[in-house]
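K.L.:
This is the structure I have questions about; it appears just below.
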Protein chains: 2
Amino acid sequence: MSLVVVGSIAYDAVETPHGRVDRMLGGACTYIALSASYFTKCRVVAVVGEDFAQEDADLLAGRGVDLEGMERAPGKTFFWSGVYSHDMNDRMTMRTDLNVFADFNPKLPESYRTAPYLFLGNIQPELQRTVRAQMNGLRLTGGDTMNYWIQDFREQLVATIAEWDFLLINDSEARMLSGEQNLRRAANVILDMGPNTVVIKRGEYGAMLFRRDQYFIVPGYLLEEVFDPTGAGDSFAGGFIGYLAERGCDLKSGHVDRRDLARAVIYGSVMGSYCCEKFGVDRFRSLTRDDIERRFREFRTFTEF
Amino acid sequence: MSLVVVGSIAYDAVETPHGRVDRMLGGACTYIALSASYFTKCRVVAVVGEDFAQEDADLLAGRGVDLEGMERAPGKTFFWSGVYSHDMNDRMTMRTDLNVFADFNPKLPESYRTAPYLFLGNIQPELQRTVRAQMNGLRLTGGDTMNYWIQDFREQLVATIAEWDFLLINDSEARMLSGEQNLRRAANVILDMGPNTVVIKRGEYGAMLFRRDQYFIVPGYLLEEVFDPTGAGDSFAGGFIGYLAERGCDLKSGHVDRRDLARAVIYGSVMGSYCCEKFGVDRFRSLTRDDIERRFREFRTFTEF
């Protein structure tokens, strides 16, 4: 079932212990859409500048992503640059030029409005809310956020996620949002805010899913070589919601199949792990659904007892 | 099958965000033996001082632990005190009085020498080697070590673990011993040193087991309240080798049942998680095998997909 993804499309400059790239396609929306495209039809809502390259649009279109909602504005595309620490657990932002993204005011094409699945990438919470309000007949809404909105736009953020089915968040942000150090308690506080499902990403340590009546935990995939972790969390998001959309899941129901939820977390983990194997989005240029299924089975092999 | 455990028996003073205890039973050998005693007959090799309380000996004996190898020496029992950080991921050692442990020279009672299972707790590597040399007909030897021996006694340590079937080690120590940051590579380097199995503990994030042809990863159990993490790693060790001994596993064989290995890691994780629920060894005063099986099933519920 078709999925609308809202967020940034960007150019990134990245330096990791394995090398450096001065300009490559990036942005949350890009990673989420590329990743989800292996599971379901994806339609993006984003803004790019006049410098946005045709080959980058072609990469998305080549994966069947609908670009009708990708607005082209006068000016330059959002630019971000960062440097990773030796163990790649930390990164330092060197530069953020919002450019055309500064005035991003997402407008949904008519053809998007009846899509049943919506993923709201990390943007200003009020904008996330506006997008949702433009949709009719949503079956499932989920989204992401970050420390900046939690600290400085808390009230808006809380009002926004109250309308979501799931919140995807990393561990330190879950602690910040909930005020609880313990992740089990943090998840319960967030469930009280409205979402019926909370997914907490723990970087190399994996991910956890919480609902009122159940929880699921998966360890991270052990890569021998992490080339570039940029976009791994967004690729997780794409695999997670992409699989739920493929399966037609409705999280509001009390009868969600436990296995669908758990497998969505696994597919998210698979996509996040593949993303790290090359710089930027490069791994998605050759990745196949067969590769995804092979790693899904490997997850089963190394976690089953 | 019967298991010999060598290591420290101590008195600890511990402060965590939940409280403080000035003197309680502790030491690696204590935790390992108490934990393993739920699975197999345990025989300890250790030294205590004249101040060692009868009630503490009774706790061990009450769990069926053979104390014939627990030597009583003139002087005081090993004493350690530590303070945990707010999130309990770090601890600072405030005091270490080796006392009678300074001259610990483990001698095995005749009745211990034919036991098929041996776990060498974290002591001087040369002493670990001496103990192993006193045994006849060992089926399985495993052990633990720490940063101090890796840094300052590397040659002795490498010669010692070359004779073991498994090394149990935490993630930062695995990196230190192998010189590899990536844990998959670190495990391969350690496998090259002799052990056919490496188990890497990751604290709250769980544990991993590596052999040449397979690996297994389990996330940590999510406690709502960690009272005191002291002894959690040693309780893991006890559950791990205790279960292997109960099952009669021989890790040298190329035909080890994959499930036995994975389940040993789960039982280790179960015992480590229970240990954190109360101060020191207190949880073991009431813990039953039924509790252990219940949490084992819970691990299955939250990891299966």
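K.L.:
Looking at the structure I just gave you, is A:Ala73 open to solvent by less than 60 Å² (accessible area, probe 1.4 Å), more than 21 Å from A:Cys42 (Cα to Cα) and modelled with pLDDT of 95 or more?
P.N.:
yes
K.L.:
A:Phe216 passes all but one of (1) among the hydrophobic types (A, V, I, L, M, F, W, C); (2) under 26 Å from A:Leu25 (Cα atoms); (3) in contact with a strand residue (DSSP E or B) (Cβ under 7 Å, 6 or more places away or on another chain); which number fails?
P.N.:
Of everything listed in (1) among the hydrophobic types (A, V, I, L, M, F, W, C); (2) under 26 Å from A:Leu25 (Cα atoms); (3) in contact with a strand residue (DSSP E or B) (Cβ under 7 Å, 6 or more places away or on another chain), A:Phe216 misses just condition (2).
K.L.:
Looking at this structure, is B:Gly75 small (Gly, Ala, Ser) and part of a loop (DSSP other than H, G, I, E, B)?
P.N.:
yes
K.L.:
Name every residue in the stretch A:247-276 that is more than 14 Å from chain B (Cβ to nearest Cβ), touching an Asp or Glu at 6+ places or on another chain (Cβ under 9 Å) and without any contact (Cβ under 8 Å) to a residue 12 or more places away in the chain, in order of residue number.
P.N.:
A:Gly254
K.L.:
I'm trying to understand the selection: among the residues of the stretch B:202-238, which are free of Cβ contacts under 8 Å to residues at least 40 places away in the same chain, within 13 Å of chain A (Cβ to nearest Cβ) and open to solvent by 30 Å² or more (accessible area, probe 1.4 Å)?
P.N.:
Of everything in the stretch B:202-238, those that are free of Cβ contacts under 8 Å to residues at least 40 places away in the same chain, within 13 Å of chain A (Cβ to nearest Cβ) and open to solvent by 30 Å² or more (accessible area, probe 1.4 Å) turn out to be B:Tyr205, B:Asp213, B:Tyr215, B:Glu224.
K.L.:
Can you list the helices (runs of 4 or more DSSP H) found entirely within the stretch B:101-163 that contain at least 3 residues being farther than 17 Å from B:Ala28 by Cβ and either touching a residue at least 12 places away in the same chain (Cβ under 8 Å) or within 20 Å of the chain's Cα centre (by Cα) (or both)?
P.N.:
Helices (runs of 4 or more DSSP H) meeting the threshold: B:125-133, B:154-161.
K.L.:
Also, quick follow-up: Whether any residue in the stretch A:125-136 is away from chain B (no Cβ under 14 Å), closer than 21 Å to A:Leu244 by Cα and at pLDDT below 95 is what I want to check.
P.N.:
yes
K.L.:
Hey, another quick one. Identify the residue in the stretch B:277-305 that is open to solvent by less than 20 Å² (accessible area, probe 1.4 Å) and within 12 Å of chain A (Cβ to nearest Cβ) and, among all such residues, is nearest to the chain's Cα centre (by Cα).
P.N.:
B:Phe296
K.L.:
Would you mind telling me which numbered condition in (1) of a type outside the set (Ser, Thr, Tyr); (2) open to solvent by 10 Å² or more (accessible area, probe 1.4 Å); (3) at pLDDT 95 or above A:Met88 fails?
P.N.:
(3) is the only condition that A:Met88 fails.
K.L.:
If the requirement is being of a type in the set (Gly, Ala, Ser), within 22 Å of B:Ser235 (Cβ to Cβ) and crowded, with 20+ Cβ neighbours inside 10 Å, which of these qualifies: B:Ala61, B:Ala53, B:Ala46?
P.N.:
B:Ala46
K.L.:
For the stretch B:179-191, give me each residue that is within 13 Å of another protein chain (Cβ to nearest Cβ) and open to solvent by less than 50 Å² (accessible area, probe 1.4 Å).
P.N.:
B:Asn182, B:Leu183, B:Arg184, B:Ala186, B:Ala187, B:Val189 - these are the residues of the stretch B:179-191 that are within 13 Å of another protein chain (Cβ to nearest Cβ) and open to solvent by less than 50 Å² (accessible area, probe 1.4 Å).
K.L.:
Follow-up. Hey, could you check the stretch B:145-173 for residues that are touching a Phe, Trp or Tyr at 6+ places or on another chain (Cβ under 8 Å) and closer than 18 Å to B:Thr130 by Cβ and say which is surrounded by the most Cβ atoms within 10 Å (Cβ to Cβ)?
P.N.:
That would be B:Leu157.
The values are calculated or read from the model by the stated rules, or taken from the named source; none is laboratory data. Fair warning: this is a prediction, and the values are worked out from it, not measured in the lab. Note: ideal-geometry Cβ built from the backbone for every residue, glycine included; neighbour counts use all protein chains shown. These area figures cover heavy atoms from the full protein model, side chains too; ligands, DNA and RNA do not enter into them. Shrake-Rupley method; radii C 1.70, N 1.55, O 1.52, S 1.80 Å.
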